[in-house]
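Reviewing the structure listed below.
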Amino acid sequence: MEHSHPRRYVVTGADSGLGREVARLLARTADVVACGVGEGVDVRADLTTPDGRAALVEQVRRRTDDRLDAVVAVAGSGAPRPEAVALNYFGTVEVLDGLRPALAASSAPAAVVVSSSSTLHRGSGALVRACARGDEERALATARQLVRARRGSQLYRSSKTALNHWVRTTAVREEWAGAGIVLNAVAPGVVATEAVLATWERDRALLETALPQPLGAPGPVAPVAHLLAHLASAENRSTTGQVVYCDGGTDALVRGTRPQRTYLRYPVRDVVAMWRATRSSAT
């Protein structure tokens, strides 16, 4: 696909870990607006707050003249604090919603978010539902209750599960698919970011038990970055609404064939219409 200008990306969480790796990779061939809370980024904004999200959207749209090719939303936190929910779900969703008009101006728009293989474990249904309703106040109240009950470890996977659901339901809506914007999630396993390596010896037994990776843990960061880059590229014009596990085999190991046990079901009127179409084509 030919373009008269370099592709233009926004990467959140570009000041550390996976986000920094993705930003560096994309910057080899494209223009990248790096966003984060640390030093060395183009746009500094705290996505745990509505004001910070609005500030990022405003600054990005101004810097890009309201034309953007792709967003790679990496910013997130695994901390067992309510702010993690504000960042992982609401920060991601509000930024993508705010930048959607700029994406719609592209000839090959794309957005991809970072999820987690931890979503293979059950989280808090109440927290997932509050996120799905867009009720940040209720979601944060639920998060505080979970922390008080010493179930703060559920915040990360629950907020990422809600994000998976948002991607699946949003990607096929008219304002996204109808505008040609592909929207996906990548769910990494345990990968060798600075944060993981800093606590690896302490957390190793727990992580290897909870999220076993047949290819070994921690996995390399580069393959996850390359997958994110592909899903956000101009070449990806048909993959949308997917949660792609890049987890060293965890999903296949723990779920086996179970994802293929749910099959399409159609309303009776659609079954009749398909039967008639089949009969018509056979005559």
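The values are calculated or read from the model by the stated rules, or taken from the named source; none is laboratory data. Keep in mind it's a predicted model, so treat the numbers as computed, not measured. Cβ coordinates were reconstructed from backbone atoms using ideal geometry, including for glycine residues, and neighbour counts include every protein chain displayed. Just so you know, the surface numbers come from the protein's heavy atoms only, side chains and all, with ligands and any DNA or RNA stripped out. Shrake-Rupley method; radii C 1.70, N 1.55, O 1.52, S 1.80 Å.
Odds and ends about this structure:
- Computed [θ] at 222 nm, deg cm²/dmol, the chain (DSSP H ≥ 4; -39,500 (n - 2.57); rounded to nearest 500): -13500 deg cm²/dmol
- Scattering profile of region 120-224 at q = 0.15 Å⁻¹ [log10 I(q)/I(0), Debye over alpha-carbon scatterers]: -0.82
- Cβ-derived FRET efficiency at R0 22 Å, VAL172 paired with HIS5, nearest 0.05: 0.15
- Residue with peak Gaussian network fluctuation, the chain [Cα springs, cutoff 10 Å], from ALA130, ALA70, ALA195: ALA195
- Model label points for ARG269 and VAL254, set 7 angstrom from Cα along the Cα-to-Cβ axis, are 4.1 nm apart.
- With contacts taken as Cα pairs under 8 Å and at least 6 residues apart, region 8-281 reaches a relative contact order of 19 percent.
- Rough spin-label spacing in nm, given labels placed 7 Å along Cα→Cβ, for ALA195 and THR29: 2.9
- Amide hydrogen neighbours beyond the local backbone of ALA187, cut-off 5 Å, H modeled: SER115, VAL244, TYR245, CYS246
- Sorted on the mean count of surrounding Cβ atoms within 10 Å across their residues, most packed first, peptides 31-41, 265-275 read 31-41, 265-275.
- Gaussian network model of the chain, springs between alpha carbon atoms under 10 Å - residue of THR250, THR193, THR240 with greatest fluctuation: THR193
- Cα gyration tensor shape of region 72-173, rounded if a/c is under 1.5, else prolate or oblate by comparing a/b with b/c: prolate
- Total formal charge among the other residues, if their Cβ is under 13 angstrom from that of GLY19, Lys/Arg +1 and Asp/Glu -1: -2
- Max mean-square fluctuation residue, GNM over the chain, Cα-Cα springs under 10 Å, options LEU253, LEU120, LEU155: LEU253
- Per residue, the accessible area of the chain comes to 52 Å², computed with a 1.4 Å probe over protein heavy atoms only.
- Relative contact order (%) - criterion: Cα under 8 Å, at least six apart; region: region 166-253: 47
- Multiplying the residue separation of ALA205 and THR49 by 0.36 nm and subtracting their alpha-carbon distance yields 52.7 nm.
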